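One structure below.
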Amino acid sequence: MTKNFLNLFDAAWFFVERSDAPAHFGPLTILSPPEGAPSTYVRDLVAQWRKNETFASPFNSVLRNRPIPCWDSVPDEDIDLDYHLRHIALPSPGGERELGVLVSHLHSLPLDRRRPLWECNVIEGLERGRFAIYLEFHHGQLDGVAAARLIGRVFTSDPDAQGMLPPWSAGIRGNAPARQPIATETAATAVSAWGRLGAVGRLCRAVGSTAVAVRALADMAVAVHKDRTGDLTRPFQSATTLFNHRICSQRRFATQHYELARFKRVAKAGNVTINDVFLTAFGGALQRYLGELDAVPDGPIVGQIPVNLRELNSASMGNALGFVFARLHTDIADPVLRLRAVRRATLAAKGFHQALPPSAVMPFTMLLSGPQMALLLLGLGGFGRRAANLVISNVPGPAERLYFDGAPVEEIYGPSVLFHGQALNVTMSSYAGKAVISSRRAVDRCRMCSGWPCIRARR
C-alpha cells in the first residue's frame, strides 16, 4: 500500500468535522439519456457499472490517522462497490424540488471514514427521462476545483464515445487523458522534491515562507485599521445574521440556473469580473430575503470567498485554495453602485494574496483561517462574532459540452460544506454556457420549505 501524508490544511478538514457538520461536498451532475435509448437505460448503466471493480486514485484511498494522518492506497478487493454505488429513484414528478429533497438527505449523512471517502448515487426518475449522478467526496481529499476537473475528465466532449469507465475506475486521469496534458504531482512526489533539499533546506524554506506570511498578515491588519473606505475586510468583521448560529445535522439544498452570457454582458459593461457580478446579484437577493423576514442586520454582511491556487490542468489530490473576505455591500440598493463597491472590495481582498510569493500563500491562508479553525476545533463555532456570514464561491467548470457513453450532461451543481456559525453556503458553477447556482444550508427539523436564493430560515 502507498502512503501519502496529509499536509496541515488538508488534515484540518477532518479535525473540524463533526457528526452535525460533515465536511463532504458534491458534485451533482444531471444528464439526459442518449437519443433513442430504451426505458431501461439507467438500470442497464448501473448494472454495467457494477461490473467495474477496479479503483483508481482518489477512489482507492483510505484515511489512516495513526500516528500521522495519511492516505493509504488499498487493493481493489478491499473495496466494497455495493456500499459505494447506490441506485435510487425519485417520486413523480421528479422535478428540482424532489431532487433537492433527496440530495438534502444524502448530503446530511457523513461519509464512513473506515472506507474510501466517496459515494456515488445514480438517481433516476427526473422529468423528461433525465437522471442524476451525485458523487460525494471529502473536502480533506479534494477541493471544489479539483472535483470539477475530475468530472471534466471522467466525462468526454465526444458524443460518440462508448465503453467509458465509471468515475471510480477512470479516477484522476479520466476517460480521455490524451485530450489535454495534466499535472499529476501527488503528495509523494512533493515529499520527494523536498527530500532533495535536505532537512536544513526544508526548515529554512518553511521558516522563510511563514515569516513572509506573518509579515503580510500584520500588514493586512494595519491596512484594515487605516482603511476609511470599507473596501478591505478581515475575518470577524461581519454582523450576526439568522444564518450564523449553531447548526443541526439536517440540510436543505436548492438550485437555480442562468445563461452565463447574461453575467458576461454585465461584467463587460461594468469592466468587472463574472465573480463580481455574481456576488453583487446574490447580495441583492440576500438583502431582499432578509428584508422580507425583518431580519436585516445592522452591520455588514461578509462573504468568505475561496480562491483557487491550483495550477492549470492539475489533477492532484488535496486542497489548493485560499480564502479572502469581502463585504457584499447589501446595504446599497442601487445595483450599479453595489457592483462598483463589490469590485473594490474583491480587489482589495485579493491584493494581499497576489502580492505574496507562491510559497507563502498557504501559510498566509492557514494563519488567516487559524482563529476560525481553532473555534471549530474547540466546539465554539456559532458562538460570539463569526469570521464571515456565509461561504460564497465561483467554481469554473468545463466550457465544452460533456457526454458519458452518448448521454449529454445538462447541468453540474456543487453542494458544499457547512460549519457551526455558517449555515449558508452558495456555489456558482459554470458549464457549457450556463451559470448554475446551488445553495446548501442547515434547517430546523420542522421548518423546511423550498425557494431561492435559500431556504426559509429560523427567525
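Observations on the model:
- Within the stretch 218-265, the set of residues being aliphatic (A, V, I, L, M) and part of a strand (DSSP E or B) comprises just one member, Ala254.
- For Glu259, the conditions (1) over 25 Å from Met362 (Cα atoms); (2) of a type outside the set (Ser, Thr, Tyr); (3) modelled with pLDDT of 95 or more are fulfilled apart from (3).
- Strands (runs of 3 or more DSSP E) (entirely within the stretch 42-138) containing at least 2 residues that are surrounded by 20 or more Cβ atoms within 10 Å (Cβ to Cβ) and within 25 Å of the chain's Cα centre (by Cα): 61-64, 118-124, 131-138
- Single residue of Asp331, Asp298, Asp294, Asp276 found to be buried (at least 17 other Cβ atoms within 10 Å of the Cβ) and among the acidic types (Asp, Glu): Asp276
- Checking every residue in the stretch 287-297 against the condition of being in contact with a Phe, Trp or Tyr (Cβ under 8 Å, 6 or more places away or on another chain) and either assigned to a strand (DSSP E or B) or at pLDDT 90 or above (or both) gives zero matches.
- Looking only at residues in the stretch 383-398 that are crowded, with 19+ Cβ neighbours inside 10 Å and within 23 Å of Ser19 (Cβ to Cβ), the one that is farthest from the chain's Cα centre (by Cα) is Arg386.
- Candidates Asp80, Asp72, Asp76, filtered to the one that is modelled with pLDDT under 95 and assigned by TED's automatic domain parsing to the domain that holds Tyr134: Asp72
- Test: residue in the stretch 16-27 that is in contact with a Ser or Thr (Cβ under 6 Å, 6 or more places away or on another chain), buried (at least 21 other Cβ atoms within 10 Å of the Cβ) and not acidic (Asp, Glu): yes
The values are calculated or read from the model by the stated rules, or taken from the named source; none is laboratory data. These numbers come from a predicted model, not from an experiment. Cβ coordinates were reconstructed from backbone atoms using ideal geometry, including for glycine residues, and neighbour counts include every protein chain displayed.
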